[in-house]
1. Residue 218 fails exactly one of the following numbered conditions: (1) more than 16 Å from ligand 1 (Cβ to nearest atom); (2) crowded, with 19+ Cβ neighbours inside 10 Å. What is the number of that condition?
2. Could you check region 96-116 and list, in sequence order, the residues that are farther than 24 Å from residue 211 by Cα and out of contact with any strand residue (DSSP E or B) (no Cβ under 6 Å at 6 or more places or on another chain)?
3. List pairs: first residue in region 177-190 and over 21 Å from residue 241 (Cα atoms), second residue in a strand (DSSP E or B) anywhere in the structure, Cβ distance under 6 angstrom, at least six positions apart or on different chains.
4. Among (1) more than 16 Å from the chain's Cα centre (by Cα); (2) at pLDDT 95 or above, where does residue 289 come up short?
5. Limited to region 45-66, what total is found for residues that are over 20 Å from residue 254 (Cα atoms) and touching a residue at least 24 places away in the same chain (Cβ under 8 Å)?
6. Against the condition under 20 Å from residue 310 (Cβ atoms), more than 12 Å from ligand 1 (Cβ to nearest atom) and within 15 Å of the chain's Cα centre (by Cα), how does residue 94 come out, does it pass?
7. Can you give me the number of residues within region 286-332 that are within 26 Å of residue 55 (Cβ to Cβ) and within 16 Å of ligand 1 (Cβ to nearest atom)?
Ligand code: 13P
Ligand code: SF4
């Protein structure tokens, strides 16, 4: 793995130092000064190259604060990033997230250069199912529509009727007007959707390696240790966790919920960087921070983003025939959502 010292950056000049000072004031509670001294030259150089390359940086809510606040043009959940990718005028999209997110951008913008700073930034959900699995399911359940979570490969999307994200899954399932729906691949998101609708769901056994590790007991301990704490959880968590939570939603849904709540102490049952990023926006909330890292999201670093912009690689490519089929499923979701 590349380290910060491997990608060389020019020293900050006084003008750049002054320009970055207000940004550091904003994030100083979540980025120690000694780390900022390492990040700041990368941020300045990435900003310069971004303009030169006519590039836009999309960053998922799980990216580290120096990426989320330092270099991202657009931040959001999977749905928000897909929507923004579809709208952008930039010629180059740098996806600070995982591979399926970059593939979704490429599917929606086949003519653009889509970069992912580390090709190995995968996802346990995307790995859990193949296009052949879907063909078998269709044979077993003829005529039953297939909804796939966007956390899947382009090949899997291409075999699907429609995609969904965690923020629109219930609406998408209900939009099909079918009594039964095959819902793939996250069994826990599937169980949560099933609890919110009368549609019968046929599920797969996939799981997110980050969220499946949380337990209901753990949440009960937080309540004992922090009486009155408000617990928010992502729907990729197991059912006993969601039963214990006060609110369940997509990453952006959790942020929106906080902006409408008067909670003073909060625990976010999701990936580590979420609490850091959200703490900057809500300085009056005390965040209890359980930490389950997504190792794939954490592959994206400032030096890798810089290298990616310098070399315009690694590029995400999708076979045009597969992209066409997959686009149908993603665009259908965007229409419904
Ligand atoms: P969101 O769509 O809620 O951002 O979730 C994406 C993801 O990978 C969660 O683990
Ligand atoms: Fe995939 Fe889970 Fe990481 Fe999200 S947090 S990218 S679902 S492994």
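1. Among (1) more than 16 Å from ligand 1 (Cβ to nearest atom); (2) crowded, with 19+ Cβ neighbours inside 10 Å, the lone unmet condition for residue 218 is (2).
2. 107, 108, 109, 110, 111
3. Going by the 6 Å Cβ cut-off, the qualifying pairs are 180/200; 181/147; 181/201; 182/146; 182/202.
4. Of the numbered conditions (1) more than 16 Å from the chain's Cα centre (by Cα); (2) at pLDDT 95 or above, the odd one out for residue 289 is (2).
5. Counting residues in region 45-66 that are over 20 Å from residue 254 (Cα atoms) and touching a residue at least 24 places away in the same chain (Cβ under 8 Å) gives 11.
6. Considered against the rule, which asks whether it is under 20 Å from residue 310 (Cβ atoms), more than 12 Å from ligand 1 (Cβ to nearest atom) and within 15 Å of the chain's Cα centre (by Cα), residue 94 comes out as yes.
7. So the count comes out to 8.
Per-residue answers, yes or no, for (1) within 26 Å of residue 37 (Cα to Cα); (2) out of contact with any strand residue (DSSP E or B) (no Cβ under 6 Å at 6 or more places or on another chain); (3) in contact (Cβ under 8 Å) with a residue 24 or more places away in the chain; (4) buried (at least 23 other Cβ atoms within 10 Å of the Cβ):
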residue	(1), (2), (3), (4)
222	no, no, yes, no
226	no, no, yes, no
232	no, no, yes, yes
259	no, yes, no, no
270	no, yes, yes, yes
282	yes, yes, yes, no
310	yes, yes, yes, no
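The values are calculated or read from the model by the stated rules, or taken from the named source; none is laboratory data. In this text, all values refer to a predicted model and were calculated from it rather than measured experimentally. Note that each Cβ is placed from the backbone with ideal geometry, even for glycine, and that neighbours are counted across all protein chains shown.
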